[in-house]
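The values are calculated or read from the model by the stated rules, or taken from the named source; none is laboratory data. Since this is a predicted model, take the numbers as computed values, not measurements. Because the Cβ atoms are built from the backbone with ideal geometry, glycine has one as well, and the counts that use them run over all protein chains shown. Note: accessible area is taken over every heavy atom of the protein model, side chains too, but ligands, DNA and RNA are not part of it. Shrake-Rupley method; radii C 1.70, N 1.55, O 1.52, S 1.80 Å.
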Amino acid sequence: MLNSKGFDLWSKDYDKTVQLSEESNEYPFAGYKDVLNAVYNEIKAGSGKKILDIGFGTGILSKKLYDEGVEIYGIDFSEEMVNAAKKKMPDAKLYQFDFT
C-alpha cells in the first residue's frame, strides 16, 4: 500500500496512469470510469450543491462537478495530489490531512 509520500511521487503521472489502466481494463483502474459515472449520476440526481470528497486524488470526479457549479470540499493525505487538484479547481476548498 502506498503512503502519502508514494502518492506525492505518483501525482504527476496519476491521471495518465488512471486513463491507461482504465482503457486497457487492467488493475488497478479497470472499470474506473463506470464507477465514477455511477457516483456522478447519484450526486447529480440529488439536490446537494456542496460535496465533501475524501481521498479525491487529483480531482478526476470532483472536477466534473466543480465545472457544473457544485461547491467542492475535499481532504486527501497527499500534498502533491492536493496541489494537482487545486490547479484544476482553484476555488475548491481542498486540504491535505492524514487521518492516521
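Remind me, relative contact order of the chain in percent, using alpha carbon pairs under 8 angstrom and six or more residues apart?
Details: 125 pairs, mean separation 26.1, N = 100.
Relative CO of the chain lands at 26 percent.
At 222 nm, what value in deg cm²/dmol follows for the chain if DSSP H runs of at least 4 each add -39500 (n - 2.57) and the sum is divided by all its residues, to the nearest 500? The partial results should precede the final answer.
Numbers: 5 runs with 49 residues, N = 100.
After summing the helix terms and dividing by the residues of the chain, the value is -14500 deg cm²/dmol.
Extent of the chain along its three principal axes (Cα atoms, max minus min coordinate, largest first): 35, 30, 25 Å.
Local charge sum around GLU79 (other residues, Cβ-Cβ under 15 Å, Lys/Arg +1, Asp/Glu -1)? Net local charge, GLU79 excluded: 0. Computed over protein heavy atoms with a 1.4 Å probe, the carbon and sulfur contribution to the accessible area of the chain reaches 55%.
Net charge dipole, the chain: roughly 300 debye, given to the nearest 20, about the Cα centre with Cβ charges of +1 for Lys and Arg and -1 for Asp and Glu. Our coupling estimate for the range 30-35, obtained by passing each phi through the Karplus curve with A = 6.51, B = -1.76, C = 1.60 and θ = phi - 60°, is 4, x, 4, 4, 4, 5 Hz, Gly and Pro reported as x. On a per residue basis, the chain carries 66 Å² of accessible surface, using protein heavy atoms and a 1.4 Å probe.
First select every other residue whose beta carbon is under 14 angstrom from the beta carbon of SER4; then total the charges, Lys and Arg +1, Asp and Glu -1.
Numbers: positive: LYS5; negative: ASP8, ASP76, GLU79, GLU80, ASP98.
Taking every other residue near SER4 into account, the sum is -4.
Tally Lys and Arg at +1 and Asp and Glu at -1 over the other residues with C-beta under 10 Å from the C-beta of GLU22: what net charge comes out?
Value of the local net charge: -2.
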